[in-house]
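Visitor: Have a look at the structure that comes next, please.
The values are calculated or read from the model by the stated rules, or taken from the named source; none is laboratory data. Just so it is clear, the structure is predicted and the values come from calculations on it, not from any experiment. Heads up, the Cβs are rebuilt from the backbone with ideal geometry, glycines too, and the neighbour counts pull from every protein chain shown. All accessible areas refer to the heavy atoms of the entire protein, side chains included, with ligands and DNA or RNA removed. Shrake-Rupley method; radii C 1.70, N 1.55, O 1.52, S 1.80 Å.
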Amino acid sequence: MQQPFIIKNVAFGVGKPAVCVPVMEQDREEIFQKITELVKENVQMIEWRADWFRYVENEDAVRALLEEIRPLVENTVFLFTFRSRKQGGNSGLAEKKILRLNEIAAKSQAVDIIDLEFFEATFPLKEIRRFQKMGVKIIASHHDFDGTPAESIMRMLLTKMKEGNADIVKLAVMPQNTEDVLRLLAVTADMKKSYPGLPVVTMAMGNVGVISRICGETFGSCITFGAAGRTSAPGQINYKELETILELLHKNQEA
């Protein structure tokens, strides 16, 4: 059963959301340099968006880069993500190849969490269990870039991912108006009420959804993504500004 947990002194599922910074550079040197810079800035969490890596189809290149990264992130939560084109990513690899990359990441001892696109996987429950046995946590994710489904659909998507026994469930949608954002926040709060131990991540993308990236502590979203250069999704805020806003809100909620 999913429960709040701590990785490298970062809590997931309780309190202030963790700020995760995506790395989307294409070349090995750029990726290594960006991660080095972010670690020096003491970011809580880094996401390597491997679908942007120029040589992502070369397993040896991915394995070698993860070996280089491992000592850098000893004290930083490290998330490995290959985002498929269907889910808004940069590469169209077949499922078998994506799962192979996830396996390399799980075995690398550099990665703490792997993002698995739940509804793109043929056997998601099997893959979640397999990677968890390798010692990593799993985010089961789904991204809708076309709109914001009905509340019943969003609740169903999150519940299905919960039933897959992922450690964290994540849903990102594209709002057309403020009402869409409010519906997503209502579903998020309802999930936390129904499953208080479940770490949930939700966000409404785009400019109208920016509020969803800063109110996670109130509504129940445990990770928010902040940009350091290129954004991985529409509406991302600079991570330093995001950290400042979250800390201010946190202090006032504690008061």
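Visitor: For residues that are assigned to a loop (DSSP other than H, G, I, E, B), surrounded by fewer than 22 Cβ atoms within 10 Å (Cβ to Cβ) and touching a strand residue (DSSP E or B) at 6+ places or on another chain (Cβ under 6 Å), tally how many sit in region 8-39.
Guide: Going through region 8-39 one residue at a time, the tally reaches 1.
Visitor: Which residues, taken from region 69-100, are over 30 Å from E41 (Cα atoms), assigned to a helix (DSSP H, G or I) and not acidic (D, E)?
Guide: Going residue by residue through region 69-100, those that are over 30 Å from E41 (Cα atoms) are 85-86, 92-100.
Okay, now just the ones that are also assigned to a helix (DSSP H, G or I), so 85-86, 95-100.
R85, K86, K96, K97, I98, L99, R100, listed by residue number.
Visitor: Among the numbered criteria (1) open to solvent by 10 Å² or more (accessible area, probe 1.4 Å); (2) in contact with a Ser or Thr (Cβ under 6 Å, 6 or more places away or on another chain), which single criterion is violated by E163?
Guide: It fails just one condition, (2).
Visitor: Hey, another quick one. Condition check: open to solvent by less than 10 Å² (accessible area, probe 1.4 Å) and either over 17 Å from the mean Cα position of the chain (by Cα) or closer than 22 Å to L38 by Cβ (or both). Does V208 satisfy that? Spell out how you get there, then give the answer.
Guide: Values: open to solvent by less than 10 Å² (accessible area, probe 1.4 Å): no; either over 17 Å from the mean Cα position of the chain (by Cα) or closer than 22 Å to L38 by Cβ (or both): yes.
The answer is no for V208.
Visitor: Taking interchain pairs and intrachain pairs at least six residues apart, which have beta carbon atoms under 6 angstrom, with the first residue in region 171-194 and more than 21 Å from K160 (Cα to Cα) and the second in a helix (DSSP H, G or I) and of a type in the set (A, V, I, L, M)?
Guide: P175/V181; P175/V208
Visitor: Scan region 101-123 for residues that are touching a helix residue (DSSP H, G or I) at 6+ places or on another chain (Cβ under 7 Å), open to solvent by 20 Å² or more (accessible area, probe 1.4 Å) and assigned to a helix (DSSP H, G or I) and jot them down.
Guide: E120
Visitor: Taking A140 as the residue in question, decide whether it is of a type in the set (A, V, I, L, M), modelled with pLDDT of 95 or more and open to solvent by 20 Å² or more (accessible area, probe 1.4 Å).
Guide: Details: of a type in the set (A, V, I, L, M): yes; modelled with pLDDT of 95 or more: yes; open to solvent by 20 Å² or more (accessible area, probe 1.4 Å): no.
Here the answer is no, as A140 does not meet what is asked.
Visitor: Checking S232 against (1) modelled with pLDDT of 95 or more; (2) not in a helix (DSSP H, G or I), which single condition isn't satisfied?
Guide: If we test S232 against (1) modelled with pLDDT of 95 or more; (2) not in a helix (DSSP H, G or I), just (1) comes out false.
Visitor: Take the residues in region 40-72 that are aromatic (F, W, Y) and more than 16 Å from the chain's Cα centre (by Cα), then tell me which one is surrounded by the fewest Cβ atoms within 10 Å (Cβ to Cβ). So that I can check it myself, show each step before the final result.
Guide: Initially, region 40-72 is screened for residues aromatic (F, W, Y), giving 48, 52-53, 55.
If we keep only those that are more than 16 Å from the chain's Cα centre (by Cα) as well, we get 53, 55.
Working: F53: 25, Y55: 14.
By that ranking, first place goes to Y55.
Visitor: I want to confirm something. Restricting to region 166-184 and keeping residues that are part of a loop (DSSP other than H, G, I, E, B) and of a type outside the set (A, V, I, L, M, F, W, C), which single residue is least open to solvent (accessible area, probe 1.4 Å)? Talk me through it step by step, then tell me what you get.
Guide: Step one: list which residues in region 166-184 are part of a loop (DSSP other than H, G, I, E, B), which gives 166-167, 174-177.
Pick out the ones that are also of a type outside the set (A, V, I, L, M, F, W, C) and you get 167, 175-177.
Numbers: D167: 27, P175: 12, Q176: 127, N177: 60 Å².
Step by step, filter region 166-184, then rank; the result is P175.
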